[in-house]
């Protein structure tokens, strides 16, 4: 097994600070993308869970982006020449108190660790990032992200339907479900309002050249739509923690389904997303 590149190990403990105002316009933009009629968020309104990701996003010029549209080195995570492909593996969120429109939001991001793993396609590196999101009341959200560095030869490829193992079918019978059509407008709006310039989410020429069957639906888009469903079906459920794990890619070449099932004691909701072939693309859990 190879070693973790020195410049990655040297980044452990690196911290980057950012500050932003939680303004109404990005919130209204995501509300419109999700189908709200005439959204009119106002100062003092509570930000829904996960919507803090609309703020403190890196605004980098083209010269600092790689050919995939991602940052070559955004100041927190350095690049690794032997592992040029970055993927989002999953995330965990601890919601401590509300963020509101009009707040000044501060984001402290820290590189916690790197771990070298061996997969079917070769070695890959998993980095743990922690983001501490604060307002004047203190730390409001603690978010941990798993970012995967893959070697060029081990980049994710579309399913061939052959040797690749499939995780098919719902993990359980859904109590609530939604069928989502990942149309170009939804995909564009979510990328735009989150300032995500990764070409795999919006550039059809790029994904065709890379051999993917379609645009990749953002994991955070699926996660936010899961929590939108929870809010609509069980508005009294106050989310204290949420986690999701990305598995099989979900592409825009067909409708996908999100499902949910509350556990018996009412303190947890299990969620999942199935791609258009019925394979599990994401699992998630919301806790009171």
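The values are calculated or read from the model by the stated rules, or taken from the named source; none is laboratory data. Note that the coordinates shown come from a computational prediction; the quantities given were computed from them, not determined experimentally. Reconstructed Cβ throughout: ideal geometry from the backbone, glycine too, with neighbour counts over all protein chains shown.
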What tally of residues in region 51-70 results from selecting those that are touching a helix residue (DSSP H, G or I) at 6+ places or on another chain (Cβ under 9 Å) and buried (at least 18 other Cβ atoms within 10 Å of the Cβ)?
-> 5
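Going by the structure shown, is residue 45 over 21 Å from residue 192 (Cα atoms) and in the same structural domain as residue 148 (by TED's automatic domain parsing)?
The answer is yes for residue 45.
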Scan 221, 216, 274 and give me the residue that is crowded, with 20+ Cβ neighbours inside 10 Å and under 20 Å from residue 52 (Cβ atoms).
-> 221
Selection from region 168-189 of residues in a loop (DSSP other than H, G, I, E, B) and either out of contact with any helix residue (DSSP H, G or I) (no Cβ under 9 Å at 6 or more places or on another chain) or in the same structural domain as residue 36 (by TED's automatic domain parsing) (or both) yields 169, 170, 171, 172, 173, 174, 181, 183
Given 208, 245, 224, which one is over 18 Å from residue 170 (Cβ atoms), in contact (Cβ under 8 Å) with a residue 60 or more places away in the chain and not in a loop (DSSP other than H, G, I, E, B)?
-> 224
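Table: residues versus (1) surrounded by fewer than 19 Cβ atoms within 10 Å (Cβ to Cβ); (2) touching a helix residue (DSSP H, G or I) at 6+ places or on another chain (Cβ under 9 Å); (3) at negative phi.
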{"residue": "42", "(1), (2), (3)": "yes, yes, yes"}
{"residue": "48", "(1), (2), (3)": "yes, yes, yes"}
{"residue": "73", "(1), (2), (3)": "yes, yes, yes"}
{"residue": "77", "(1), (2), (3)": "no, yes, yes"}
{"residue": "91", "(1), (2), (3)": "no, yes, yes"}
{"residue": "104", "(1), (2), (3)": "yes, no, yes"}
{"residue": "108", "(1), (2), (3)": "yes, no, yes"}
{"residue": "116", "(1), (2), (3)": "yes, no, yes"}
{"residue": "121", "(1), (2), (3)": "yes, yes, yes"}
Going through region 44-57 one residue at a time, which ones are under 15 Å from residue 20 (Cβ atoms) and in a loop (DSSP other than H, G, I, E, B)?
-> 47, 55, 56, 57
Every listed condition ((1) in a strand (DSSP E or B); (2) exposed (fewer than 14 other Cβ atoms within 10 Å of the Cβ)) holds for residue 81 save (1)
Residue among 199, 208 that is surrounded by fewer than 19 Cβ atoms within 10 Å (Cβ to Cβ) and either touching a helix residue (DSSP H, G or I) at 6+ places or on another chain (Cβ under 8 Å) or farther than 23 Å from residue 284 by Cα (or both) = 208
When residue 227 is evaluated against the numbered criteria (1) within 18 Å of residue 36 (Cβ to Cβ); (2) surrounded by fewer than 21 Cβ atoms within 10 Å (Cβ to Cβ), which criterion, by number, is the only one it fails?
-> (2)
Evaluate the following for residue 86: is it over 19 Å from residue 228 (Cβ atoms), without any contact (Cβ under 8 Å) to a residue 40 or more places away in the chain and in the same structural domain as residue 151 (by TED's automatic domain parsing)?
-> no
Restricting region 186-195 to residues that are under 17 Å from residue 250 (Cα atoms) and touching a residue at least 40 places away in the same chain (Cβ under 8 Å), the residue that is surrounded by the most Cβ atoms within 10 Å (Cβ to Cβ) | 190
